[in-house]
1. Longest span of the chain, sites excluded, free of chymotrypsin sites (Phe, Trp or Tyr not before Pro) in DSSP loop with at most 10 other C-beta atoms within 10 Å?
2. Kindly work out what percent of the DSSP beta bridges joining two residues of the chain are antiparallel, to the nearest 5.
3. Considering only the other residues whose Cβ falls under 14 Å of the Cβ of S79, what net charge follows from Lys and Arg at +1 and Asp and Glu at -1?
4. Quick check: the distance between the Cα centres of region 1-39 and region 135-162, to the nearest angstrom?
5. Quickly work out the W110-to-D58 label distance, labels modelled 7 Å from Cα along the C-beta direction, and quote it in nm with one decimal.
6. Tell me the trypsin sites (Lys or Arg not before Pro) within region 36-116 that lie in a loop according to DSSP and have at most 15 other beta-carbon atoms within 10 Å.
7. For Kirkwood radius over Cα pairs in Å, which listed value, [x] 17.7; [y] 17.3; [z] 20.7, comes from the coordinates shown?
8. With everything on Cα atoms, drop me the angle between helix 38-47 and the longest principal axis of the chain, reported from 0 to 90° to the nearest 10.
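Coordinate-derived values only; no laboratory data. Just so we're clear, the structure is a prediction, and the values are computed from it rather than from any experiment. Note that we place each Cβ from the backbone using ideal geometry, even for glycine, and neighbour counts take in every protein chain shown.
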Amino acid sequence: MKSLNEIKLVLEKSSGFSFLDIKIINNSLVCHSKNENIVENIIQLKKHPELKFRQLVDILAVDYPNKEKRFEVIYLLLSHENNLRITIKLQIEDKKSIQTLTGIFPSANWLEREVFDMHGISFDKHPDLRRILTDYGFEGFPLRKDFPLTGYKEVRYDPEKKKVMYGPVNLQQAYRDFDFRSPWQSPEYIKQEQEKNNK
């Protein structure tokens with residue numbers, strides 16, 4: 001079993017990797033990759049005899065709307081032999097795509113579909129890139145920072161028509177002006193307490 005420092009040393013000395021940087025942050029190994037090198041880097045991490053990162057744990061994305069490269073895509077891999085995880089990060093612009101990992105890790109199929117559905121990041125040569133969590137006619141990408149909290153459409157089930165219906169967003173609750181009074185006590189109680197404190 002290798003330590004984090006030993007794994008870092010292997011990554012730095014091996015010619016098979018083309019990471020931008022390799023760091024140990026909060027007792028975790030974090031590598032940054034260019035978009036065009038991500039597939040080769042992950043193949044090497046999986047096949048390297050000393051590393052053996054053979055399990056893809058997750059793929060996720062973070063939206064930074066003010067950055068030129070808006071999205072950070074994060075891959076989490078696990079090596080059972082070394083009992084270690086590695087995080088690979090890459091930066092990507094909006095409307096750019098990433099090579100799929102489905103040929104290396106079949107489990108990447110659903111993970112990439114989720115990233116596509118929630119952020120709108122597409123994966124080249126993905127065998128079935130379509131929405132996985134939202135409906136097929138859904139507009140927008142819910143985990144982007146510019147997606148409105150209410151969404152663009154309201155979805156409800158109509159028991160008479162026995163189907164899901166779409167309509168414009170209609171907020172049922174009227175605007176409320178909160179006065180911050182205690183909901184467990186009457187306003188008179190609060191008023192008396194305030195008068196006592198003012199004396």
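1. Numbers: sites that count: Y136, Y175, F178, F180, W184.
The longest uninterrupted stretch comes out as 1-135.
2. Details: 29 of 36 bridges.
Here the antiparallel bridges make up roughly 80 percent for the chain.
3. Numbers: positive: K2, K8, K46, K47, K52, R54, R85; negative: E6, E50, E81.
Local net charge: +4.
4. Taking the Cα centre of each part, region 1-39 and region 135-162 sit 40 Å apart.
5. 1.5 nm
6. On the way: sites: K46, K47, K52, R54, K67, K69, R70, R85, K89, K95, K96, R113; in loops: K52, R54, K67, K69, R70, K95, K96.
Passing both the DSSP loop test and the Cβ count: R54, K67, K69, K95, K96.
7. [z]
8. Computed tilt is about 60 degrees.
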